[in-house]
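Each remark here refers to the structure printed beneath this line.
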Protein chains: 2
Amino acid sequence: MTAGDRARHERFLLAAIDAAAAGITKHNGGPFAALIVRDGAVVATGFNAVTSTNDPTAHAEIQAIRAACRALGAFQLDGCDVYSSCEPCPMCLGALYWARPRAVYFAATRADAAAAGFDDAFVYDELARAPAQRALPFTRLDLPDANRPFKEWLALPTRVRY
Amino acid sequence: MTAGDRARHERFLLAAIDAAAAGITKHNGGPFAALIVRDGAVVATGFNAVTSTNDPTAHAEIQAIRAACRALGAFQLDGCDVYSSCEPCPMCLGALYWARPRAVYFAATRADAAAAGFDDAFVYDELARAPAQRALPFTRLDLPDANRPFKEWLALPTRVRY
């Protein structure tokens, strides 16, 4: 990373940290924010809004991805960089893979989030366990019809892949 | 699991599979659906709507969680069971941890999804890698301000934990 690149990344990350701190009172949510940047311009800023909107999926990165995709009219973040005040939790990490930005930068870690009372590290640990060993029980029932939706999907000539 | 419990779970899972197949054309999305059930009644049904709504986070489970939380006026799925036509991807698995239902049941597997062209298994593999080894680069920049949002959060007496 060149010094110029690092300075640019730090500037956007500091903006994400400022937004995270401001969001606690401004958006009545957890202390997290994320910025999505394309060609040097901020496309969207996402604030945690779990408790203010009764939406457990309203983490900063998810909110930012949704807003950026709306702004861009696309379901992919081609050529975008994501700046998150904190290491994305597994939900947000998964969301970032589906959104396919160019790169992700973050400041605080999952351990910092855990120290502030958030479950991020716990969820990472749970993901690594076999479904039957998890605190939240995941049970697969083997049904003969399970693959029918996939078969119908693959037979549909007009399907849009993502 | 008693035979009666299994029959009940199978009934809701079959409904999720039917919804997944119907959703391909009805909701113009991927072949996935999820039901959220409380006290034997369906609280919400979620359909994949990634391409129809330009929202890469609009997976069936996320849509179902958001709709159920709206219906229940809560950011937790206390006492709810989730029935997903397919094993939740890491994003949805993380979302389920944050939503905290009682249990999750699914039919098809991540391997079935991969065979139909979806990245679920790939994202699971990526999650297990160190950030620097991932296909999507995650970079932490160590900034002195990184923990400021958490400090301000912990100092706020009115904060709502989630």
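Laboratory data are not the source of any read-out in this text; all were calculated from the coordinates shown. All of these numbers come straight from a predicted model, not from anything done at the bench. In this analysis, Cβ positions are derived from the backbone assuming ideal geometry, glycine residues included, and neighbour counts consider all displayed protein chains.
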Over the range A:73-144, what portion of Cα pair distances is larger than 17 Å, expressed as a whole percent? 57 percent
Among the lysines, select those whose C-alpha is under 17 Å from the C-alpha of A:Lys151, and discard any that sit fewer than 8 residues away in the same chain. B:Lys26
Taking the Cβ of B:Lys151 as the center, what net charge do the other residues with Cβ under 11 Å away carry, scoring Lys and Arg +1 and Asp and Glu -1? -2
Quote the relative contact order of chain B in percent (integer), defining contacts as alpha-carbon pairs under 8 Å separated by 6+ residues. 16 percent
Given Cα pairs under 8 Å that are at least 6 residues apart, what percent is the relative contact order of the range B:1-75? 22 percent
Pairs of Cα atoms farther than 29 Å apart, the protein assembly as shown, %: 34 percent
For B:Arg6, which inter-copy label distances result when the label point lies 7 Å beyond Cα on the Cα-to-Cβ vector, reported in nm to one decimal and in ascending order? 6.1
Net length gained if the chain between A:Arg100 and A:Thr25 were fully extended (0.36 nm per residue, minus Cα distance): 23.9 nm
Report the label-to-label distance for A:Asp78 and B:Ala111 in nanometres (one decimal), using points 7 Å from each Cα along the Cα→Cβ vector. 3.5 nm
Inter-copy spacing of B:Gly73 label points, which lie 7 Å from Cα along Cα→Cβ, given in nm from shortest upward: 4.0
Mind putting a number on the dipole of the protein assembly as shown about its Cα centre? Charges go on the C-beta only, +1 for Lys and Arg and -1 for Asp and Glu, and I need it in Debye to the nearest 20. 340 debye
Under the 7 Å Cα-to-Cβ spin-label approximation, B:Phe122 and A:Leu141 lie apart by a distance in nanometres of 3.2 nm
Would you please give the FRET efficiency between A:Leu154 and A:Thr2, computed as 1/(1 + (r/R0)^6) with r the Cβ-Cβ distance and R0 = 41 Å, to the nearest 0.05? 0.35
Can you list the distances in nanometres, one decimal and ascending, from the A:Pro144 label point to the identical position in each other copy, with the point 7 Å along Cα to Cβ? 6.9
Spin-label pair A:Arg129/A:Glu10, simplified geometry with 7 Å Cα→Cβ offset, distance in nm: 4.1 nm
Over chain A, what number does the Rg to Rh ratio reach, with both radii from the alpha-carbon atoms and Rh per Kirkwood? 1.04
Please identify the DSSP H helices in chain B that span no less than 27 Å along the helix axis (Cα) and have a mean Kyte-Doolittle hydropathy of -0.5 or more. B:3-26
What is the spread of the Cα atoms of the range A:1-82 along each of their three principal axes, largest first, in whole Å? 41, 28, 16
